[in-house]
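**Q** If you scroll down you'll find the structure; I have some questions about it.
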Amino acid sequence: MSSQTPLSVPLREQRLLDVKLQQVPSWIMKWDFSPSGIMKAVRRGYDAYFNKYIDVKKGGIGGVTMVLAGYILLNYCTAYKELKHDRWRKYH
């Protein structure tokens with residue numbers, strides 16, 4: 001099996017790993033940046049994640065752990081300003 005993509009596949013339908021470096025700007029410009037296009041992209045990403053990590057015959061705790069870690073990281077980033085301020089506060 002060849003690692004190169006056939007020339008018959010349109011640039012828009014190629015995966016990022018199959019796009020050559022010089023084609024990346026034109027590949028990005030072919031994305032749909034409308035609200036419906038963004039929602040479709042989010043839905044495709046969710047479906048891919050769900051099918052790969054959650055909806056499997058013999059699954060583990062990996063998929064749920066990644067969601068939990070992402071949630072914790074997001075909350076830490078949003079609360080960092082308050083946490084940084086509390087760190088320098090003197091208690092007396």
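**Q** Going residue by residue through segment 34-46, is there one that turns out to be under 20 Å from the mean Cα position of the chain (by Cα), assigned to a loop (DSSP other than H, G, I, E, B) and at pLDDT 90 or above?
**A** yes
**Q** Between Leu16, Leu21, which is over 15 Å from the mean Cα position of the chain (by Cα) and loosely packed, with under 10 Cβ neighbours inside 10 Å?
**A** Every option except Leu21 fails the conditions.
**Q** Right, here's the next one. What are the pairs with Cβ atoms under 7 angstrom where one residue, in segment 6-31, is outside any loop (DSSP other than H, G, I, E, B) and the other, located anywhere, is small (Gly, Ala, Ser)? Sequence gap at least six, or different chains.
**A** Close Cβ pairs satisfying both conditions: Leu11/Ser26.
**Q** Applying the selection to segment 50-85, what residues are assigned to a helix (DSSP H, G or I), at pLDDT below 80 and among the basic types (Lys, Arg)?
**A** Within segment 50-85, just Lys84 meets the criteria.
**Q** May I ask you to list the residues in segment 33-65 that are open to solvent by less than 70 Å² (accessible area, probe 1.4 Å) and under 28 Å from Val9 (Cα atoms)?
**A** Scanning segment 33-65 gives Ser34, Ser36, Gly37, Ala41, Gly45, Asp47, Ala48, Tyr49.
The values are calculated or read from the model by the stated rules, or taken from the named source; none is laboratory data. What you see is a predicted model; the values in this text were computed from it and never measured. Positions of Cβ are generated from backbone atoms using ideal geometry, with glycine treated the same way; all protein chains shown enter the neighbour counts. These accessible areas exclude ligands, DNA and RNA; they are computed on the full protein's heavy atoms, side chains included. Shrake-Rupley method; radii C 1.70, N 1.55, O 1.52, S 1.80 Å.
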